[in-house]
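Working notes for the structure below.
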Amino acid sequence: MAGPLTVDVVAQDRTLWSGTADRVIAPSVEGEIGLLANHEPVLALLKEGTVRVRSEAETHEFAIEQGFLSFDHNVITIGCTPAEPHED
């Protein structure tokens, strides 16, 4: 099995999550993209949706408005604008 991914999910003003994962699924402007270890390098624009970071033990989900995803050598960086909770 391939080694884990190193993942950073960041907003302009803070780190939302940082750690290792087995897979990342994100809403790109060209459709949902799923990344596993040793995937070819990718640079993608992200649209509104949910970024899911999964490991064997847990799943982290982040609602975003937009952003980008960079993947190279099993390192994923997601820069995003987090979706704000709707006020009623």
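The values are calculated or read from the model by the stated rules, or taken from the named source; none is laboratory data. As the structure is a prediction and not an experimental result, all values here were calculated from the model. A quick note on method: Cβ atoms are made from the backbone with ideal geometry, for glycine too, and the neighbour counts reach across all protein chains shown.
Keeping to region 38-88, report how many residues are assigned to a loop (DSSP other than H, G, I, E, B) and in contact with a Leu (Cβ under 6 Å, 6 or more places away or on another chain). It would help to see each step written out before you state the result.
Looking only at region 38-88, we keep the residues that are assigned to a loop (DSSP other than H, G, I, E, B), and these are 38-41, 47-48, 55-58, 73-74, 83-88.
Cutting the leftovers down to in contact with a Leu (Cβ under 6 Å, 6 or more places away or on another chain) gives us 74.
Number satisfying all stated conditions: 1.
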Mind checking which residues of region 24-39 are over 14 Å from Val75 (Cβ atoms) and not polar (S, T, N, Q)? Ile25, Ala26, Pro27, Val29, Glu30, Gly31, Glu32, Ile33, Gly34
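Can you find even one residue in region 49-63 that is crowded, with 16+ Cβ neighbours inside 10 Å, free of Cβ contacts under 8 Å to residues at least 40 places away in the same chain and either in contact with a Ser or Thr (Cβ under 7 Å, 6 or more places away or on another chain) or not small (Gly, Ala, Ser) (or both)?
The answer is yes, given that some residue of region 49-63 is crowded, with 16+ Cβ neighbours inside 10 Å, free of Cβ contacts under 8 Å to residues at least 40 places away in the same chain and either in contact with a Ser or Thr (Cβ under 7 Å, 6 or more places away or on another chain) or not small (Gly, Ala, Ser) (or both).
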Check Gly67 against each of (1) in contact with a Gly (Cβ under 8 Å, 6 or more places away or on another chain); (2) in contact (Cβ under 8 Å) with a residue 60 or more places away in the chain and name the one condition it does not meet. (2)
Taking the condition of being of a type in the set (Gly, Ala, Ser) and surrounded by 15 or more Cβ atoms within 10 Å (Cβ to Cβ), how many residues in region 1-30 meet it? 4
If a residue has to be more than 17 Å from Glu32 (Cα to Cα), at pLDDT 95 or above and among the acidic types (Asp, Glu) to count, how many in region 59-88 make the cut? 1
The one condition Ser18 fails out of (1) in contact with a Lys or Arg (Cβ under 9 Å, 6 or more places away or on another chain); (2) free of Cβ contacts under 8 Å to residues at least 40 places away in the same chain; (3) among the hydroxyl-bearing types (Ser, Thr, Tyr) is (1)
